[in-house]
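One structure is given here, and the rest of the page talks about it.
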Amino acid sequence: MQTLLLGPDAVERHADLPAVVDAVSAAFAADARGATIMPAKSYIDLPEYNGDFRSMPAYVNAGDWDAAAVKWVNVHTDNPTDHDLPTVLGTLIYSDPETAFPLAVMDGTVLTRLRTGAAAAVATDHLAVPDADSLGLVGAGTQAYTQLAAIATVRDIETVVVADRDEQRQRAVVDHFGDRFDVRAGPIEEAAGCDVLSTITPVESPIVDREWLGDHTHVNAIGADAAGKHEHDDRTLLDAKLVIDDYEQCTHSGEINVPWSEGVLDDGDIYGELGSIVAGDLPGRESADGITLFDSTGLAIQDVAAAHVAYENAREAGEGTDFELVGTDTT
């Protein structure tokens, strides 16, 4: 048997974003049904290199398909300046859960970007007002592109406001999407007033004030993925219908981690997990809701879902490179 090798370009081609959104939605629902296995993310801290490794294994039984994978990913903040490498690099092994054979080894960096955008799209679909047509982006890095592309698959986005301290990156997003949307650069205050807001910055002090949000804004809080990170005013978190992706991860490293550790938030302030909403166990947006907020830390089940789409589409297209990774001789 052969293992399929998929590099970043192949993953980009075959991890069709609408299909990834559907697969990630199915993974959230499976998690709520108890049809997933997802051990806690493990860390190897390397302070001497100003970085860390993270391992993220999971199994998902979505009903129509099941799959298992493990992603090996890092955060090395000095990479861009010292080594001309991205801060985050990921590799994913995608396995047949019945036999454990490694069906594919694929780039996990592009995959992470796509599944993160897909999770925001799933949350937006369930928590934003149905007629949402404006999107604010705070942060104009790589994830900004995926947030817009993914959210536009679940809402008819027309107007986009991009906020970032780096005017060059801000302008790059505006230029990239200028032929598809009414997109412009603007301050955070303007972006925050949109129907949907995605914040994708690594800040440790809130940069989005409660007063700037619209009466019915849905917020995708994406940037906080480690202890100490915090993008939003505590008043927003207290006022919002607060939805999380995973209790353990969010309380330790999500948007809520700082006010949680300070006792500002507790269990009574959390509405529920996104999976419970997708599965129909909890209502999503209701007519009386004002601000809603999704705290996204990124789950291994999302990686499995995105990898499933990439692998199946690549196999069907006959693309990728087959190679012998493991010995299978039983004699």
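The values are calculated or read from the model by the stated rules, or taken from the named source; none is laboratory data. Note that this is a predicted model, so its numbers are computed, not measured. Neighbour counts run over all protein chains shown; Cβ positions are idealised from the backbone, glycine included. Just the protein is used for accessible areas: all its heavy atoms, side chains included, with ligands, DNA and RNA removed. Shrake-Rupley method; radii C 1.70, N 1.55, O 1.52, S 1.80 Å.
Things to note:
- Within the chain, the longest segment free of exposed loop sites, counting trypsin sites (Lys or Arg not before Pro) that fall outside DSSP classes H, G, I, E and B and have at most 13 other Cβ atoms within 10 Å, spans 1-164.
- Using the Cβ-Cβ distance between residue 77 and residue 40 with R0 set to 22 Å, the FRET efficiency works out to roughly 0.45.
- Hydrophobic, long helices, defined as DSSP H runs whose alpha-carbon span along the helix axis is 20 Å or greater and whose mean Kyte-Doolittle value is at least 0.0, occur in the chain at 17-33, 109-127.
- For the range 154-191 versus the range 261-331, the inter-centroid distance based on Cα atoms is 26 Å.
- Model label points for residue 175 and residue 262, set 7 angstrom from Cα along the Cα-to-Cβ axis, are 4.0 nm apart.
- Probe 1.4 Å - accessible area at residue 176, Å² to nearest ten: 110
- Mean residue ellipticity, 222 nm, helices only, the chain: the sum of -39500 (n - 2.57) across DSSP H runs of n ≥ 4, divided by residue count and rounded to 500, is -10000 deg cm²/dmol.
- A simple spin-label model places the labels of residue 287 and residue 168 5.2 nm from each other, with each point 7 Å out along Cα-to-Cβ.
- Percent accessible area from carbon and sulfur atoms, the chain, protein chains only, probe 1.4 Å: 48
- Solvent-accessible area per residue in the range 50-176 equals 41 Å², computed with a 1.4 angstrom probe and all protein chains kept.
- Rolling a 1.4 Å probe across the protein heavy atoms gives the range 225-313 an accessible surface of 33 Å² per residue.
- All lysines inside 16 Å of residue 41 as judged from Cα atoms, apart from same-chain residues fewer than 8 positions distant: 71
- Full extension of the chain segment joining residue 248 with residue 158 gains 28.8 nm, where the gain is 0.36 nm per residue of separation less the Cα-Cα distance.
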